[in-house]
Amino acid sequence: MSIQERINEDLKSAMKAGEKDKLMALRDIKSKLLLEMTKDGGDGAVDDTKSIAILNKLFKQRQESIEIYRTQNRPDLLEEEQLQANVIAAYLPAQLTPEELEVEIKQFIAQVGATSPSDLGKVMGVASKALTGKADGKAISETVKRLLS
């Protein structure tokens, strides 16, 4: 079952169960997926790779909002964003731990033959593509820099 199909099924279940917070998050996800499907140059479909990219973007937006609400001492808004972030996270693949990420990046470094910080771009190109949805780009970048220095 594709991510889009799972979201549609969960949307129906949330409507029947009256789960307002979950429903709001799922509707937002569905609207972003529909926008991607219908945009100019689109092929009318969204594969799981694009879906994960969209979900990652939505999740990051929620995380940024959570930080803002935390610094502004707004627990009411923070709780709502946290609930939505949890719903979005349920559709994302499991994130790599820092140790797992380091192992993966060491393999990419060996694969491209990188030996110095000047090879950062080569490793980042391969790693970013392979680890899409599994690790945050910032974490990938920091790990590559640390391992190449």
Go through segment 13-40 residue by residue and tally those that are charged (D, E, K, R) and surrounded by 12 or more Cβ atoms within 10 Å (Cβ to Cβ).
8
List the pairs whose first member sits in segment 93-107 and is farther than 15 Å from E142 by Cβ, whose second member is part of a helix (DSSP H, G or I), and whose Cβ atoms are under 7 Å apart, counting only residues at least 6 apart or on separate chains?
P93/I52
Quick test for you: out of V103, V46, pick the one residue that is over 27 Å from Q4 (Cα atoms) and either outside the structural domain of L34 (by TED's automatic domain parsing) or at pLDDT below 90 (or both).
V103
Residues satisfying the stated conditions in segment 78-105, i.e. buried (at least 19 other Cβ atoms within 10 Å of the Cβ) and of a type in the set (D, E)
E81
Please verify whether segment 88-101 includes one or more residues that are more than 17 Å from the chain's Cα centre (by Cα) and in a helix (DSSP H, G or I).
yes
Would you confirm whether any residue within segment 44-58 is free of Cβ contacts under 8 Å to residues at least 40 places away in the same chain and more than 15 Å from the chain's Cα centre (by Cα)?
yes
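The values are calculated or read from the model by the stated rules, or taken from the named source; none is laboratory data. None of these values were measured; they are calculated from a predicted model. So basically every Cβ, Gly included, is an ideal-geometry build from the backbone, and we count neighbours across all protein chains shown.
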